[in-house]
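The values are calculated or read from the model by the stated rules, or taken from the named source; none is laboratory data. In this text, all values refer to a predicted model and were calculated from it rather than measured experimentally. FYI the Cβ positions are ideal-geometry reconstructions off the backbone, even for glycines, and counts take in every protein chain you see. Only protein heavy atoms, including side chains, enter the accessible area calculation; ligands, DNA and RNA are left aside. Shrake-Rupley method; radii C 1.70, N 1.55, O 1.52, S 1.80 Å.
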Amino acid sequence: MTAAETSPRRGLAALLVAGGCVVLVLIGLGVWQLQRREWKLALIQQVETRATAAPVAAPGPPEWPALTAAGDAYRRVVVSGSFLNDRETLVQAVTERGAGFWVLTPMVTDWGFTVLVNRGFVPSDKRDAATRAAGQITGETALAGLLRMSEPGGAFLRANDPAGGRWYSRDVAAIAAAEGLGPVAPYFVDADATENEGGLPIGGLTVIRFPNNHLVYALTWFAMAALLAGGLVHVARAERRRLQGAVAATPPPEV
């Protein structure tokens, strides 16, 4: 074999090895996405089970350090106590009812701690509590809802502005500090749908939805692996045919 023939063969071998490594990586990414899909399906099932279970007492201070989004978010809980209606906070919201605000009201519970309750949605023209006075609950009350983890920071490209009273996420710690509430539960409660006198706020609008595109991603990675593998096979066969043609065209050595 001449040096001119050896160099292309080495280049082809290097290409095939590198391409094969990329194919393996793509297959690995596809398998990883299938594993992620199984994890996501299990998570969805866990959350649906929690959200439809009988409510339990909202976690108190001894339980707060152990709370996690994976283990506790969307758990149905019940709280009882008195609302501090004069310290409600409005958080911008877009819901199936349109644009408006979530009404987060502190509740001093019968168990001695304070928790923020998302009482529900109000349209923009009802942001002033005086326009929905009939829905303000006074005195002792109890409600059930979903435990939600704090949403620190704000929304995408829109940071919360406590000084200006503009809130884009339900940041429990920041809202508590702005309202001078002192220590509060590290979560808030999305109230279930209730028949509030006056109709507002509207509870029960929690959307439980988890994106689950992992199968699409897996198929994409597998398709890319298949296309690359097919391309490598095509290149290898073409190079083999070229070399075979070159050998056939080479005249026999003179004797």
> So if we plug the beta-carbon distance of Trp111 and Trp32 into 1/(1 + (r/R0)^6) with R0 = 45 Å, what FRET efficiency do we get, rounded to 0.05?
Replying inline: 0.55
>> Residues of region 27-43 with backbone nitrogen within less than 19 Å of a virtual label 7 Å along the Cα-to-Cβ line of Ala226, please, listed as ranges.
In response: 27-35
>> At 1.567 mPa s and 4 °C, plugging the Kirkwood radius over alpha-carbon pairs of the chain into Stokes-Einstein gives what diffusion coefficient in µm²/s?
In response: 57
> In deg cm²/dmol and to the nearest 500, what is the mean residue ellipticity at 222 nm of the chain if only DSSP H runs of at least 4 residues count, each as -39500 (n - 2.57), divided by the residue total?
Replying inline: -13500 deg cm²/dmol
> Which value, in debye to the nearest 20, describes the size of the charge dipole of the chain about its Cα centre when Lys and Arg Cβ atoms bear +1, Asp and Glu Cβ atoms bear -1, and nothing else is charged?
Replying inline: 1340
> Taking a probe of 1.4 Å, how large is the accessible area per residue of the chain, in Å²?
Replying inline: 57
>> Please compute the modelled spin-label separation between Thr95 and Thr131, points set 7 Å along Cα→Cβ, answer in nm with one decimal.
In response: 1.5
> Considering only protein heavy atoms and a 1.4 Å probe, what is the carbon-and-sulfur percentage of the accessible area of the chain?
Replying inline: 61
> How large is the Kirkwood hydrodynamic radius of region 33-178, in angstrom, based on all distinct alpha carbon pairs?
Replying inline: 16.8
> Full extension from Tyr217 to Glu48: what is 0.36 nm times the residue separation minus their Cα-Cα distance, to one decimal in nm?
Replying inline: 58.4 nm
> Given the protein chains as shown and a 1.4 Å probe, how many square angstrom of Glu63 are accessible, to the nearest 10?
Replying inline: 90
> Roughly how big is region 1-105's charge dipole about its Cα centre, with Cβ charges of +1 (Lys, Arg) and -1 (Asp, Glu), in debye to the nearest 20?
Replying inline: 360
> Å³ per residue of the Cα convex hull, for region 66-125?
Replying inline: 115
> What's the FRET efficiency of Val17 with Ala238 using the Cβ-Cβ distance as r and R₀ = 25 Å, to the nearest 0.05?
Replying inline: 0.90
> Protein chains only, probe 1.4 Å: how do Leu41, Leu143, Leu116, Leu227 rank by accessible area, largest first?
Replying inline: Leu227, Leu41, Leu143, Leu116
> Given the chain, what percent of its DSSP beta bridges are antiparallel, to the nearest 5?
Replying inline: 90
